[in-house]
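Participant: Sharing a structure, written as structure tokens. Questions coming.
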Amino acid sequence: MSLIDWFVLAFTIIFIVVYGIWKSKASKHIDGYLLGDRSLPWYHVGLSVMATQASAITFLSAPGLAYTDGMRFVQFYFGLPLAMIVLCITFIPIFHKLKVYTAYEFLEQRFDLKTRVLTAFLFLIQRGLSTGITIYAPSIILSIILNVDPTYTTLVIGSVVILYTFYGGTKAVSYTQLLQMSIIFSGLFLAGFVVVALLPTSVGFTDALDIAGKMGKMNVIDWEFDLNNRYTVWTGLIGGFFLQLSYFGTDQSQVGRYLTGSSVGQSRMGLLMNGLLKVPMQFLILLIGILVFCFYQYQKPPVFFNTYEINKIEKSAYADEFKQKEQAFDAAFEAKKQKVVALENAINQQKEISSLKADVVLANKNLQEKREEALAVMKKNDPNADTDDTNYVFLSFVTQYLPQGLIGLLVAIVCLASMGSTASALNSLASTTSVDIYKRLINKTGSDLKYLNVSKAITLFWGILSLAMALFAGKLGNLLEAVNILGSLFYGTILGIFLVAFYFKKIGGRAVFTAALITEVFVFTAYYFDVMAYLWLNLFGCVLVIAWGYVFQYLQKEKSIV
């Protein structure tokens, strides 16, 4: 990055942090620290909800996912608008009426203490682990730019987020997220415009999409019903609906965002805003990945996008062998480029393209084979080398081809996204631990100041624990998929507990507690043996909790009769 890029990056991040701390002015009581005095307007709520979900993983991994797998991931979000409607009708009025700090307080009123604690515990495990992944994502950027081990950049990024979340609580989180999302939207549109401008003069926006479509990347809709296919209309509408319903309805990192609304109406409008904007926003991010893919049909891509791993192999005893594989990759690219140009010309002249399309597919397959041969040399040098570079595709493009100033802005966007989602997660972990565990089980009669200080200490504790998890996140492959898989292992069970609480009045606390424990065993077993695509685990877990709940309630009733 140039000096101006560093200035833009540093200024943006420092301004965001200072602004958030200044606007929050350090909360003096627990209600202000955890819920911002329940005083924020709908647009604050909406942007804060979006920023919590749109972590750095979204902006790093989604373009890379589109680059390798096409647009089909957008179907993951098809169930989100429906989930927002259900939440607005049911969850929000109940949570506001009860004046709860966390979603799990309601479960004790409906069931019992052990069910509340179990659900809070499941959330803490899932959110604590996934927060480490969101911290790790932006550290990739700085590690590439500085050419240092991601461990050091992870520690720096994580420490900055912990600082202002520890100091200002949820108000600092909300105010920073409001500004973050404004910058993020602006930067995304600029990035899309610049990618199109960098394409050859003969290739316009529609031409690029046409070429991507011919190469199988514009796979936005897939109507096939296949339990093992991760991304189809059905997995998005059904599995995605249950995942989003559980995430936004029972995950304290999101519940805490809309509980800050000044009224039921303000919270509802904030969630509906998220439902309307999230799918187009994700579509745009994936589309940028498709445009980057088209760009690399004419401009030679690196054999591997992770420059840190490339530097390691180039300094090893296998450097010459790797160089040979790299040259073979370059030759395969030039051969493929000729096929792509021929296909483009045929499209423009409205000629028969079926044979040319087949030639491009074959040439692309040959290119991928040459790449795999190069990766095999990397593995020979270091068996633990990270050979999944989807998280680095967009970053590599940004740092090599975007103009000065915009590089710094887009790097700042990824860092800001991570800071926003991480801050929300730490705030939710602190509120759940302090309210559902400490205040309920350990110290029931403490002063408001005592609870405030404990909440701050717990924020610091979870921040350090998440940093430790972040140091292992690099082994998880594509971060966007990793965080959603992790959520799917728990969200179905948690959602099932809440749906029983809302709609199945005959099922009691003991029955749903036992049902939840058994369901988690089934969910982990199904995932371990790859029985179904991970999105279906959300529906699977939810249905099992309800079904087992009825079974155990019946057995309990029969036992009491006897």
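The values are calculated or read from the model by the stated rules, or taken from the named source; none is laboratory data. Everything numeric in this text was worked out from a predicted model, so none of it was measured. Heads up, the Cβs are rebuilt from the backbone with ideal geometry, glycines too, and the neighbour counts pull from every protein chain shown. Accessible surface is based on the protein model in full, side chains and every heavy atom, while ligands, DNA and RNA are left aside. Shrake-Rupley method; radii C 1.70, N 1.55, O 1.52, S 1.80 Å.
Participant: In degrees from 0 to 90, rounded to the nearest 10, what is the angle of the helix 319-348 Cα long axis to the longest principal axis of the chain?
Facilitator: Value to nearest ten degrees: 90.
Participant: About the Cα centre, and with charges only on the beta carbon of Lys, Arg (+1) and Asp, Glu (-1), how big is the dipole of the chain? Nearest 20 debye, please. Numbers along the way, then the final one.
Facilitator: Working: 44 positive and 37 negative charges, 408 e Å.
Dipole size: approximately 1960 debye.
Participant: Ignoring ligands, DNA and RNA, please state the percent of accessible area on the chain from carbon and sulfur, probe 1.4 Å.
Facilitator: 65 percent
Participant: Moving to a separate point now. For Leu190 and Thr151 in one chain, what is 0.36 nm times their gap in residues minus the Cα-Cα distance, to one decimal in nm?
Facilitator: On the way: separation 39, 0.36 × 39 = 14.04 nm, distance 3.07 nm.
Working it through step by step, the gained length comes to 11.0 nm.
Participant: Right, here's the next one. Would you mind checking the tilt of helix 80-89 against the longest principal axis of the Cα atoms of the chain, expressed as 0 to 90 degrees and rounded to 10?
Facilitator: So the inclination is approximately 20 degrees.
Participant: Dipole of the chain (Lys/Arg Cβ +1, Asp/Glu Cβ -1, origin at the Cα centre): which of Val483, Tyr451, Val361 lies farthest to the positive side?
Facilitator: Tyr451
Participant: Using DSSP to define loop residues, name the chymotrypsin sites (Phe, Trp or Tyr not before Pro) in the range 184-291 whose beta-carbon has at most 14 other beta-carbon atoms within 10 Å. Walk me through the numbers before you get to the answer.
Facilitator: Values: sites: Phe185, Phe189, Phe193, Phe205, Trp223, Phe225, Tyr231, Trp234, Phe241, Phe242, Tyr247, Phe248, Tyr258, Phe283; in loops: Trp223, Phe225, Tyr231.
Answer in residue order: Trp223, Phe225.
Participant: If you don't mind, another one. Estimate the FRET efficiency between Ser159 and Leu284 by the formula 1/(1 + (r/R0)^6), using the beta-carbon distance for r and 30 Å for R0, to the nearest 0.05.
Facilitator: So, using R0 = 30 Å, E works out to roughly 0.45.
Participant: Using only Cα atoms, locate the centre of the range 315-369 and the centre of the range 89-149, then give the distance between them in Å, rounded to an integer.
Facilitator: Taking the Cα centre of the range 89-149 as reference, the centre of the range 315-369 is 45 Å away.
Participant: At 222 nm, what value in deg cm²/dmol follows for the chain if DSSP H runs of at least 4 each add -39500 (n - 2.57) and the sum is divided by all its residues, to the nearest 500?
Facilitator: After summing the helix terms and dividing by residue count, I get -25500 deg cm²/dmol.
Participant: A further question follows. Taking a probe of 1.4 Å, how large is the accessible area per residue of the chain, in Å²? Before the final figure, lay out each step's value.
Facilitator: Details: 21740 Å² over 562 residues.
Value returned for the chain: 39 Å² of accessible area per residue.
Participant: Could you name the lysines in cross-link range of Lys217, using Cα to Cα under 16 Å and dropping any fewer than eight places away on the same chain?
Facilitator: The reachable lysines, counting only those whose Cα sits under 16 Å from Lys217, are Lys357, Lys365.
Participant: Among Gln349, Leu179, Gly236, pick out the residue whose Cα is farthest towards the positive end of the charge dipole of the chain, where Lys and Arg carry +1 and Asp and Glu carry -1 on C-beta, about the Cα centre.
Facilitator: Of Gln349, Leu179, Gly236, it is Leu179.
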